[in-house]
Amino acid sequence: MSVKTLRNFIGGRFEDGIRTFDKLNPANGELVAHVHEASRDQVNAAVAAARQALPAWAALPVNQRTDYLYALADGIERRFDDFLAAEIGDTGKPVGWAGQIDIPRGAANFRAFAEIARTLDMESFMTDTPDGRQALNYAYRKPLGVVGVISPWNLPLLLFTWKVAPALAFGNTVVAKPSEVTPSTATLLAEVAAEVGLPAGVFNVVHGFGPNSAGEFITTHPDIDGITFTGESATGSTIMKAVAPGVKPVSFELGGKNAALVFEDADFDAAVAGVARSVFANCGQVCLCTERVYVQRPIYDRFVAALKLEAEKLVLGRPMDTATTMGPLVSHEHREKVLSYLRLAVEEGATVVTGGGVPTFGDERDQGAYIQPTIWTGLPETARCIKEEVFGPVCHIAPFDTEEEAIRLANDTHYGLAAAVWTTNLTRGHRVAQAMQVGLAWVNCWFLRDLRTPFGGSGLSGIGREGGRHSLHFYTEPTNVCVKL
Ligand code: NAD
Ligand code: 6OD
């Protein structure tokens with residue numbers, strides 16, 4: 001593949017930055033792109049462009065505004081192969097996953113929020129007045145303003161558009177920074193925005209890093225009205241401090257250390273397949289992945305053996321090979337972090353059921369960031385590998401005896417993003433799902449999404465919910481109008 005040059009998109013024009021950095025393909029170490037890092041002045045210019053574009057964009061009739069979102073969705077689909085190649089080059093994820101999840105969701109996010117914006121109703125109340133008459137109260141929703149979007153590398157297009165789409169649909173303008181690790185699809189989206197004639201300044205893309213770079217320049221900018229961020233909990237904490245002086249609203253989707261609970265009455269084969277997916281999908285780099293698996297004691301040994309078989313069946317292949325079921329981690333740097341947990345688990349007393357290191361291939365994949373899918377047992381619940389998010393294809397499996405114990409173990413974490421419960425007793429399924437201290441609980445499934453539902457976590461996993469009408473809470477501000485009749 002030819003090496004790309006990725007530029008910033010500011011006020012409707014592509015611009016070089018102050019310097020470039022290299023983006024490497026994690027599957028083979030090859031150079032993918034030279035990326036232009038935005039300067040502070042360029043971030044300022046992007047914010048100014050977004051501010052200038054805001055009144056006209058916010059005032060557009062909703063059908064006209066959302067027509068642009070449908071055009072963006074169509075544009076992604078028109079250039080599906082470009083997006084697919086860009087996403088795979090950036091992440092090394094298998095073509096099957098990226099082609100079925102990442103790119104289609106990029107388009108679906110625009111359509112979903114366009115539909116929600118078109119069909120919005122308005123909260124209203126008839127109020128009795130002290131003098132025996134009535135008043136009409138209604139909550140008129142205005143866009144928040146210029147929104148800063150900062151996104152991570154694990155589902156780059158999906159998570160970038162998950163924020164950009166509602167922001168635009170509800171009348172905001174955007175300055176967005178994709179992860180420096182995965183800059184390609186955001187740049188393609190800027191090309192599509194230019195192709196469909198999105199008004200200049202409505203959507204701006206700046207490239208760069210976090211501290212002392214585009215990320216920090218956005219979060220500390222006085223003329224940004226709110227920050228929506230997906231990434232690590234520690235980064236969320238830094239951003240909270242950065243926005244505190246301006247008392248800016250934030251929406252945070254952060255890390256997780258999610259539990260899968262498998263009861264003895266579960267459909268065994270479905271549970272094994274489902275947990276294999278919730279542990280190893282996208283090489284374990286989904287915030288919803290279940291790194292803690294608790295299995296009821298009567299089926300524990302059989303389950304460990306079956307999940308080991310599933311892990312060993314994964315095909316660690318080239319991303320463009322349709323037989324590949326697990327690609328590399330996103331970067332060598334991230335592999336170093338995951339490997340440090342593989343070493344730590346052994347120091348903490350884990351039994352390594354399978355995996356535990358770096359595979360060798362004897363070909364160009366040895367230059368990639370591949371890692372073996374890994375299962376541990378035998379760790380104490382206090383171990384760091386049980387408490388901290390690894391964000392790789394790893395899990396620890398532990399037995400439990402009672403439902404109460406399973407709930408206590410699952411909730412014994414400072415995170416609160418997601419949980420998956422496997423049981424054929426649906427009364428138990430509802431009960432346990434509702435007892436989970438998380439934003440999202442799945443029963444007999446995992447990562448099954450309906451974009452109208454609330455998405456987000458509590459505790460270290462985030463602040464607020466996005467999705468469907470829930471996104472209104474962050475992307476709009478109501479003015480209550482009270483009219484005496
Ligand atoms: P990260 O926090 O390192 O980076 C995310 C983004 O923040 C990047 O664009 C980065 O450049 C930027 N950034 C970093 N420091 C910054 C700073 N000081 N100021 C402003 N911006 C800054 O996260 P990551 O490693 O890219 O992503 C993996 C993490 O994201 C995992 O913890 C995962 O659980 C989490 N995640 C959560 C969700 C969710 O919905 N809850 C979804 C996906 C990923
Ligand atoms: O499906 C989504 O809308 C979403 N925000 C997924 C996040 C996955 C985390 O890695």
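The values are calculated or read from the model by the stated rules, or taken from the named source; none is laboratory data. All figures in this text were calculated on a predicted structure; none of them were measured in a lab. Neighbour counts run over all protein chains shown; Cβ positions are idealised from the backbone, glycine included. Please note that ligands, DNA and RNA were not included when accessible areas were found on the heavy atoms of the full protein model with its side chains. Shrake-Rupley method; radii C 1.70, N 1.55, O 1.52, S 1.80 Å.
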- In nm, what is the difference between 0.36 nm times the number of residues separating Lys337 and Ala270 and their Cα-Cα distance? 21.0 nm
- Message: Among 320-332, 456-468, how do they line up by average Cβ neighbours within 10 Å per residue, starting with the highest?
- Response: 456-468, 320-332
- Give the distance, in whole Å, between the Cα centre of the stretch 199-246 and the Cα centre of the stretch 336-372. 34
- Quick calc of log₁₀ I(q)/I(0), the stretch 189-326, Debye, one scatterer on every Cα, no solvent, q values 0.14, 0.15, 0.19, 0.21 1/Å, result -0.86, -0.90, -1.06, -1.17
- Query: Mind checking which aspartates and glutamates have their C-alpha under 19 Å from Lys308, skipping anything on the same chain fewer than 8 residues away?
  - Reply: Glu264, Asp267, Asp269, Glu291
- Query: Using only Cα atoms, what is the ratio of the radius of gyration of the stretch 170-251 to 2.2 N^0.38 Å?
  - Reply: 1.13
- Message: When 1/r is averaged over all different Cα pairs and the result inverted, which Kirkwood radius in Å belongs to the stretch 246-298?
- Response: 12.8
- Note on the structure: Normalised Cα Rg of the stretch 412-485, dividing by 2.2 N^0.38 Å with N its residue count, works out at 1.45
- For the chain, what is the calculated [θ] at 222 nm in deg cm²/dmol (nearest 500), taking -39500 (n - 2.57) for each run of four or more DSSP H residues and dividing by its residue count? -11500 deg cm²/dmol
- Under the Karplus relation with 6.51, -1.76 and 1.60 and θ = phi - 60°, whole-Hz ³J(HN,Hα) for the stretch 422-428, x at Gly and Pro, equal 10, 6, 8, 8, 5, 5, 5
- Note on the structure: Magnitude of the Cβ-charge dipole (Lys and Arg +1, Asp and Glu -1) of the chain about the Cα centre, nearest 20 debye, reported as 880
- So what's the convex hull volume per residue for the Cα atoms of the stretch 287-396, in Å³? 112
- Entries in Lys248/Lys484; Lys163/Lys313; Lys177/Lys257; Lys93/Lys241; Lys23/Lys142 that, when Cα-Cα distance is taken, lie over 29 Å: Lys248/Lys484; Lys163/Lys313; Lys93/Lys241; Lys23/Lys142
- If R0 = 51 Å, then Val346 and Lys142, at their Cβ-Cβ distance, give a FRET efficiency to the nearest 0.05 of 0.40
- So how tilted is helix 300-313 from the main axis of the chain? Cα-based, degrees 0 to 90, rounded to 10. 70
- Ordered by residue, what ³J(HN,Hα) values in Hz, to whole numbers, does the stretch 126-136 give under the Karplus form 6.51 cos²θ - 1.76 cosθ + 1.60, where θ = phi - 60° and Gly and Pro are x? 8, 10, 6, 9, x, 8, x, 9, 9, 10, 9
- To one decimal place, what orientation-averaged projected area in nm² is obtained for the convex hull of the Cα set of the chain? 24.7
- Task: Determine how large the accessible area of Thr377 is when every protein chain is in place; take a 1.4 Å probe and give Å² rounded to the nearest 10.
- Result: 20
